[in-house]
Every structure is written in C-alpha cells, then in structure tokens.
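One structure below.
The values are calculated or read from the model by the stated rules, or taken from the named source; none is laboratory data. These numbers were taken from a predicted model, which means no experiment stands behind them. Cβ placement follows ideal geometry from the backbone for every residue including glycine, while neighbour counts extend to all protein chains displayed. Heads up: the accessible areas ignore ligands, DNA and RNA and are worked out on the full protein's heavy atoms, side chains in. Shrake-Rupley method; radii C 1.70, N 1.55, O 1.52, S 1.80 Å.
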Amino acid sequence: MKKLVAEFIGTMWLVLGGCGSAVLAAGYPELGIGFVGVSMAFGLTVLTMAYAIGHISGCHLNPAVTIGLTVGGRFDKKDVVPYIIAQVLGGILGAGILYAIASGKAGFELGGFAANGYGEHSPDGYNMMSALVTEVVMTFMFLIIILGATHSKASAGFGGLAIGLGLTLIHLISIPVTNTSVNPARSTSQAIFVGDWALSQLWLFWVAPIVGAIIAGVVYKFLSPETKL
C-alpha cells in the first residue's frame, strides 16, 4: 500500500509541476518560461520524486515505465495493474488541483490545458503519424535511460539525475509535436478535463508510449539482463 500511495503522490506532483508550468507560466507575457522552462519543469518533477520516493516505490509515475520495467525483468508483474491505477488517479488529482488554481483567474478559459494532441491539436500542426513515431521513439529512449541508470552496474546515486535530465531532453525535442506525453497517466489526467478532442485522441498516448516501452524492455534485457527485481 505504501508503494501505491507513493506512486499516487509522485504522479500528482509530475502533473501539477509539469502541466502546471505549461498552463500557468509558459505563456506569461514577456516573462513566460516557454518550451525550455516546461521541459525543465517535467524533468525536475521526476528528479525530485526519484530521491523522495524512489526508495519506496521505484518512482515510476508512468504506466509505460511500469510496463517497460516489467518486460525488462525489473518489476513484478503482479504489481503492474495496482501501480497503473495509482498513477492515473494521482495524475487526475494533479490536474484537478491545477484546474482549481488556474480557474481562479478572471477570464479563465480552459483551452488546451496542456493536453496532448496531433493534427490541429499539435502545437505545431504535426499529423498523427508524426505523433505516433515521436511518442514511440521518445518513450523507447526514456526507458533505455531508466533501465540503464537503475542497473545494478550503474553508478549508485545518480539514476534520478540521469532520468530527470532525460525527460527534460525528451520534452525539448517533442513538445512542438504532441505537447509530449511519453506517459499515459499524464495524458489521461489532462484529457479528462479538456474532454471532446483530447479524449478522442487519447488512444495514441496510451498505445505509442506502451509500445515504445515494451520494445525498450526487450532490447535492454538483451543488452544487459538484470535478474534482480
């Protein structure tokens, strides 16, 4: 139960910190943090939680990460569904807190609410195929980084830093394409509040990250198998 509570809190923080930076700070006139700031915010949420709850739950914060680690032989499959449920619920709470804050401003309009999308809902108009390729490849690389940084042969104590910086880099590359998901829980939390188009496109932000994570799990298990769960 403690592991699930940790995943719930951690995913809430990821959504509140990452999506919150996009909704509240990215477009602020002249002083906005922009794509770079949002990218750093997502990376910092994972970095901070890696050291706060990593020793409790492993700090997955992401259904794709949980699945990729399972395929890679690093996580017990019996815990996959409970972890995913905790992550999705934590993400929804984070989005709810963000909505409560953002809606307190006069003239508030929900808009995209940092939801992920393609086509006309892509930040720079990228089509579904571009979005699909981006999400598969970026999640693949994210899991490669995670599997490598947390390997028993990796330098101890630096895993959180590598993973946080990896997520920052991924956002720097892919925000213009999809607003960057690589995380079905993060995508679901925002889509629920936006509704309509975001829910209709949500399938891609579950399928693509999971596919990328599974491929990474298989590849890294081949490159450097780890027997310890």
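Please name all residue pairs, on different chains or six or more residues apart, with Cβ atoms under 6 Å, provided the first residue is in the stretch 130-152 and is of a type in the set (D, E, K, R) and the second residue is in a helix (DSSP H, G or I) and at pLDDT 95 or above.
Close Cβ pairs (under 6 Å, with a partner that is in a helix (DSSP H, G or I) and at pLDDT 95 or above) amount to Glu135/Ala208; Glu135/Pro209.
For the stretch 208-224, which positions are among the β-branched types (Val, Ile, Thr) and either open to solvent by less than 50 Å² (accessible area, probe 1.4 Å) or more than 10 Å from Ala64 (Cα to Cα) (or both)?
Ile210, Ile215, Val218, Val219
Among helices (runs of 4 or more DSSP H) lying entirely in the stretch 1-89, which contain 2 or more residues that are touching a Cys at 6+ places or on another chain (Cβ under 7 Å) and either among the aliphatic types (A, V, I, L, M) or within 25 Å of Thr178 (Cα to Cα) (or both)?
Correct list: 34-57.
Residue by residue, here is whether (1) in contact with a Phe, Trp or Tyr (Cβ under 9 Å, 6 or more places away or on another chain); (2) acidic (Asp, Glu) holds:
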residue	(1), (2)
Glu120	yes, yes
Ser130	yes, no
Val136	no, no
Pro176	yes, no
Gln201	yes, no
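Would a scan of the stretch 142-150 turn up a residue that is open to solvent by 20 Å² or more (accessible area, probe 1.4 Å), under 22 Å from Ser224 (Cα atoms) and touching a Lys or Arg at 6+ places or on another chain (Cβ under 9 Å)?
There is at least one residue in the stretch 142-150 that is open to solvent by 20 Å² or more (accessible area, probe 1.4 Å), under 22 Å from Ser224 (Cα atoms) and touching a Lys or Arg at 6+ places or on another chain (Cβ under 9 Å).
Pull up the stretch 19-44, narrow it to residues that are in contact (Cβ under 8 Å) with a residue 40 or more places away in the chain and β-branched (Val, Ile, Thr), then point me to the one that is least open to solvent (accessible area, probe 1.4 Å).
Step by step, filter the stretch 19-44, then rank; the result is Val38.
Enumerate the pairs (first residue in the stretch 1-18 and among the basic types (Lys, Arg); second residue anywhere and crowded, with 24+ Cβ neighbours inside 10 Å and in a helix (DSSP H, G or I)) with beta-carbon separation below 8 Å, excluding pairs fewer than 6 apart on the same chain, so at least 6 apart or on different chains.
Lys3/Tyr83
Residues are listed down the side, and each one gets a yes or a no for (1) within 13 Å of the chain's Cα centre (by Cα); (2) under 19 Å from Leu98 (Cβ atoms); (3) free of Cβ contacts under 8 Å to residues at least 60 places away in the same chain; (4) part of a helix (DSSP H, G or I):
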position	(1), (2), (3), (4)
Ala185	yes, yes, no, yes
Thr188	yes, yes, no, yes
Phe205	yes, yes, no, yes
Ala208	yes, no, no, yes
Val211	no, no, no, yes
Ile214	no, no, no, yes
Lys221	no, no, no, yes
